[in-house]
Amino acid sequence: VPITYRIFSYRLASYTDFIQDGALECRGIMFDVTDISNPVLKASLRLIDPGGLGISDTALYVCDGPKLLVYNIHNTYSPQLHRTITGETFYDVIPYGNILICQVSGGIALYDISTRYQPVFLSKVLN
């Protein structure tokens, strides 16, 4: 059975949103949008400073400020954290074949993702 999903990020909230429990927590939220007029909340990941994200096969790469989080999303609504990469501030990622292009503080970092859940640092191009 194919699963339809959309990935999006937003930073909008109303006053009533802020009085809810956990309102000041950042999250990666996943909805089932099979019926686009009735999205259903399926999963939520707690994040510190969410930024860009990218998918390659069943690997989800999430920029979370001082970390790059690598999840296995084979089970779409139950992501499993496989690896956390630190040492940079990560802003955005683009999977391109077997290369993960990361916008980081001070430039662009390149990782080999031929083993999807185990990115290997290749080089950094400074601004």
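Any chance you could check the Cα centroid distance between the stretch 92-123 and the stretch 25-61 for me, in angstrom?
20 Å
Can you divide the C-alpha Rg of the stretch 38-102 by 2.2 N^0.38 Å and report the result to two decimal places? Could you put the intermediate results ahead of the total?
Values: Rg = 11.9 Å, N = 65, 2.2 N^0.38 = 10.7 Å.
Ratio of Cα Rg to 2.2 N^0.38 Å: 1.11.
Please report the accessible area of R83 (heavy atoms, 1.4 Å probe, ligands and nucleic acids excluded) in Å², nearest 10.
80 Å²
The values are calculated or read from the model by the stated rules, or taken from the named source; none is laboratory data. Being a predicted model, the structure only gives us computed values, none of them experimental. Quick note on the areas: whole protein, heavy atoms, side chains included, nothing else; ligands and nucleic acids left out. Shrake-Rupley method; radii C 1.70, N 1.55, O 1.52, S 1.80 Å.
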